[in-house]
Amino acid sequence: MNRNILQAGVLLATTGLLQAASLSFDFEAQDLAATTSGSGFSVTDLAETGLGSNSIYGDFTTTTMVRAYVPGQITNGSSPAFDAADYVQFGLTAGADGINFSGSSFSTTVGGFTSAGSGGAMGIFVNVYYSLDGGANWSSALGSTLSINQAAYTNPGNASGEFGFDGALGFDESHASDSYDLSSLGTLASGEEVLFRIAINDNSGSNVNLTSGNNVKGVYLDDITVSDFTASAVPEPGTSTLLLSCGALALLRRRR
């Protein structure tokens, strides 16, 4: 019995309790706040820059972040740099016990849509970056560029779109998902923040044939997730001392 008490005291005093944690922006009910699992960290709401002036959240879906725009409102190009004109961004801050990103990953789904009908084209390109100094410097792009490069669309008629878009409105869509390893982030100390940025370009150019005011083109994002990071809860110094004292007393009693 006394041996068990001693072993338990030493174990709890010298090791932390690792807690798996995750966060996700799933945009349910058009919410830009993250859904989180676990504790020991905080997350800012998703903020956007650019992405077009015509916000159409509720018009087509309530479970996806949707931005519609006309040609020229999103930078034309393929692989977007960290300083692209159009992006979404959020911050993850470590609590008192820090964060460990070993084995952690970042994932997202991106898509494009158009009402141009057959003959249209869509080229949405996304890169993911992170910054550890408040945005002064950014990492190289994580992994390969995530792209939606649809050569041509056919009007889906009355069929429902995969992300809740109403085919009766004449929209067609395409999407892709990818995951990026975050192990290179290592650990964050208490109070340190990592910023994540999803930079977006549209390389469709004029091929989308949006010459009529009745046509529309756009991009949507869904399931922006950081998963499998850990926050360690190390016992307070007073707690460690108490546990070790209990173990020592148990050992002395055993020797007597």
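The values are calculated or read from the model by the stated rules, or taken from the named source; none is laboratory data. Only a predicted model underlies this, so the values are computations on that prediction, with no experimental measurement involved. Using ideal geometry, Cβ is built from the backbone for each residue, glycine included, and neighbour counts are taken over all protein chains shown.
Show me the strands (runs of 3 or more DSSP E) entirely contained within region 8-93 in which 2 or more residues are at pLDDT 90 or above and out of contact with any Phe, Trp or Tyr (no Cβ under 6 Å at 6 or more places or on another chain).
Correct list: 17-25, 35-37, 41-43.
Assess whether residue 213 counts as being modelled with pLDDT of 95 or more and in a loop (DSSP other than H, G, I, E, B).
no
Can you go through 139, 177, 144 and tell me which one is at pLDDT 95 or above and either assigned to a strand (DSSP E or B) or closer than 21 Å to residue 221 by Cβ (or both)?
Result of the check over 139, 177, 144: 139.
State whether one or more residues within region 158-168 are at pLDDT 75 or above and within 21 Å of the chain's Cα centre (by Cα).
Within region 158-168, none of the residues are at pLDDT 75 or above and within 21 Å of the chain's Cα centre (by Cα).
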